[in-house]
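So the structure is just underneath, and the comments pick up after that.
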Amino acid sequence: MDPLKKPPAKRPVPTVRTALGQVLGIRLTPDLRARVAEAATASGASDSAWLRQVALEALGVESPVDAASGRRVRVAPEDQIALATCVRDLGEATLSAQAGRTAEAVAAMERARQTIIPVILGFERRPS
């Protein structure tokens, strides 16, 4: 081998292990790649999860392991803000309780409860 030429780059070793054991490298045209990305985004899944779901459906195969990484759970911005407020209220409740201010602690927990219940119920009503 010519010492002036660089050796081929090695693929990085994955650091996350999953039940999905095999990697299938697929070459796609830019147009097909864009269409896959668009379809995956529209369905709320990653590109690879969307392709796995399409393959499962096309082959008529049931595989809970392959299907498990399907749609991502999306949290609307207004729900993110509400949940962040709940975390703040719970932090305030903890500090108040530690300082012996039980009335303030209860009030903060009640505010968090009144905020979080409608958010959680809203998750249940959303289409999957």
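Here are some notes:
- The range 29-44, subset in contact with a helix residue (DSSP H, G or I) (Cβ under 7 Å, 6 or more places away or on another chain) and either among the aliphatic types (A, V, I, L, M) or not in a helix (DSSP H, G or I) (or both), residue nearest to Ile116 (Cα to Cα): Ala40
- Among (1) farther than 20 Å from Ser63 by Cβ; (2) at pLDDT below 70; (3) not polar (S, T, N, Q) - the single one Arg17 does not satisfy: (1)
- Being open to solvent by 70 Å² or more (accessible area, probe 1.4 Å) and either at pLDDT 90 or above or in contact with a Lys or Arg (Cβ under 6 Å, 6 or more places away or on another chain) (or both) is a description that applies to Glu104.
- Scan of the range 68-118 for residues that are of a type in the set (A, V, I, L, M, F, W, C), within 29 Å of Gly44 (Cα to Cα) and either part of a helix (DSSP H, G or I) or over 29 Å from the mean Cα position of the chain (by Cα) (or both), ordered by number: Ile81, Ala82, Leu83, Ala84, Cys86, Val87, Ala112, Ile116, Ile117
- The residues of the range 50-67 that are modelled with pLDDT under 85, touching a helix residue (DSSP H, G or I) at 6+ places or on another chain (Cβ under 9 Å) and either open to solvent by 50 Å² or more (accessible area, probe 1.4 Å) or in a helix (DSSP H, G or I) (or both), listed by number, are Asp66, Ala67.
The values are calculated or read from the model by the stated rules, or taken from the named source; none is laboratory data. Keep in mind it's a predicted model, so treat the numbers as computed, not measured. Quick reminder, even Gly has a Cβ in these numbers, built from the backbone with ideal geometry, and neighbours come from all protein chains shown. Only protein heavy atoms, including side chains, enter the accessible area calculation; ligands, DNA and RNA are left aside. Shrake-Rupley method; radii C 1.70, N 1.55, O 1.52, S 1.80 Å.
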